[in-house]
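K.L.:
First the structure, then my questions, so here it is.
The values are calculated or read from the model by the stated rules, or taken from the named source; none is laboratory data. Please read these numbers as outputs of a predicted model, since none were measured by experiment. Reconstructed Cβ throughout: ideal geometry from the backbone, glycine too, with neighbour counts over all protein chains shown.
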Amino acid sequence: MRGGAVRLGAPLCAALAVMILTARVVPGAEATPAAGHTFFLEGGYFYGPGPIVPDTELPHGRLSNIKFDPKLLRGYCEFANDGSKSALLSDLKTRVNQNIEAGRLLIGGGTSPVLLTAVDGGPHHGTEQYYFDEEYRFVWRVDIALDPGFAEGIIRLDDFALNTGVVRIGSSLQFRAGQPGGYEQAGSLKSGEYLAGRVGDFDQDGFLDGILVAAPNVPLAADMLPGAPVGNRRGFRTDVPIAAQLSAELMLRGALQMREAIATTVSESTPGAAPLMRDLTERVRLSTARVAAAAADEPWRRVPAHVVNRLLEQLERLRVDVTSLSGLLDAAAAGQPTKPDLAAQIDQSFDRLKALTDALAALNARSGKSLPSPSAGRVDAEPVRKSY
């Protein structure tokens, strides 16, 4: 569909809204009283699909009764359902997780709310799963359904995931297949632009927080905008405590995940490199502040002061260098000439970042308080339940 306003039909809304990974509690339902940890969803945007504008602003939300082990950094949102009619989808048999509430979505500024729910009947049995993968990206997985208000229109997607890494808005599936008719955008974002997630303690309140991202495509079987790119960027915070030195390590590991995105945008001379580098600069600054805070924590009191001071000095020098690179990338985006070895400077900065990340991880291990070995692959509900 080209020209004029683009509107979404109910089937397409369903196929795409699941990608947002936010569920809504059924109106009138009363969930089991909260226990355990609480996660808070804090805005963000859903981009696209394809030419759909404006970008869809995501509402705040709350996930209650989360069983999460701060030492293992994994857990799940408990399934709760009181058995009432209001706690069922319109098919009157699929149960929703009443511990998850995230509001209504008006995709592309439309007038028909899109309601999402976490449901039972899938591999996660109505729970939402949380764990860190081998790259220390925080992964959220859940079985989602969308209910337009009538049973025939219900669409569900099992085992959908977002993470806190870096994703790239894809090309349309038509473009990849050499076919006409595809859209090379996801809302205000062009194909090839990046969305950067993050995880750590960015508000420095002692608790885990971050940003979740995803960049899938509309299935080719969809009735509208098949194959179009979409994007999602969703903020969150938690009441899960995270030690300053572990937060610093997570921040640096997340910064390392930006290497390919920054290098690619520089090599392609696209404007996205400058904001990514500013993001990297901020991460290095905040991780340095977390390292400084860690020096006063009990686990690091056994680490010689000169070792910590050396790390802080090196992090500060790295921050100065990446700040300078950020300025050069801004100049390049404005059409000003830059040094020919800009790509080499970026490589050198990331090499130093990797060395400092390894040094920090070694200090954490030396202090006896380090990140757990990450979970590899998917995590099902039952194994996580048995770990408590």
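K.L.:
Given the conditions (1) crowded, with 18+ Cβ neighbours inside 10 Å; (2) in a loop (DSSP other than H, G, I, E, B), report the number of the one that residue 179 does not fulfil.
P.N.:
(1)
K.L.:
Shifting gears a bit: For residues that are in contact with a Leu (Cβ under 8 Å, 6 or more places away or on another chain), of a type outside the set (Val, Ile, Thr) and in a strand (DSSP E or B), tally how many sit in region 34-74.
P.N.:
Selection size over region 34-74: 11.
K.L.:
Take the residues of region 113-157 that are buried (at least 16 other Cβ atoms within 10 Å of the Cβ) and of a type in the set (Gly, Ala, Ser): which is modelled with the lowest pLDDT?
P.N.:
By that ranking, first place goes to 145.
K.L.:
On to the next question. Return the only residue of 294, 214 being aliphatic (A, V, I, L, M), in the same structural domain as residue 73 (by TED's automatic domain parsing), crowded, with 19+ Cβ neighbours inside 10 Å and out of contact with any Gly (no Cβ under 6 Å at 6 or more places or on another chain).
P.N.:
Within the list 294, 214, the selection yields 214.
Okay, residues lined up against (1) modelled with pLDDT of 85 or more; (2) crowded, with 16+ Cβ neighbours inside 10 Å:
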| site | (1), (2) |
| --- | --- |
| 34 | no, no |
| 39 | yes, yes |
| 43 | no, no |
| 54 | yes, no |
| 59 | no, yes |
| 62 | yes, no |
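K.L.:
If residue 347 satisfies all but one of (1) within 30 Å of residue 370 (Cβ to Cβ); (2) under 27 Å from the mean Cα position of the chain (by Cα); (3) crowded, with 16+ Cβ neighbours inside 10 Å, what's the number of the condition it fails?
P.N.:
Unmet condition: (3).
K.L.:
Further question: Residues that are among the basic types (Lys, Arg) and either farther than 16 Å from residue 349 by Cβ or touching a Ser or Thr at 6+ places or on another chain (Cβ under 6 Å) (or both): which helices (runs of 4 or more DSSP H) entirely in region 244-319 hold 2 or more of them?
P.N.:
Output list reads 273-294.
K.L.:
Could you tell me which residue of region 75-93 is nearest to the chain's Cα centre (by Cα), considering only residues that are surrounded by fewer than 18 Cβ atoms within 10 Å (Cβ to Cβ) and part of a helix (DSSP H, G or I)?
P.N.:
86
K.L.:
Quick check, is residue 240 under 18 Å from residue 49 (Cβ atoms), at pLDDT 90 or above, assigned to a strand (DSSP E or B) and among the aliphatic types (A, V, I, L, M)?
P.N.:
No; evaluated as a whole, the condition is false for this residue.
K.L.:
Looking at 325, 312 in this structure, which one is modelled with pLDDT of 85 or more and buried (at least 17 other Cβ atoms within 10 Å of the Cβ)?
P.N.:
325
K.L.:
Moving on to the next point. May I ask you to list the residues in region 182-202 that are outside any strand (DSSP E or B), within 11 Å of residue 247 (Cα to Cα) and not hydrophobic (A, V, I, L, M, F, W, C)?
P.N.:
201
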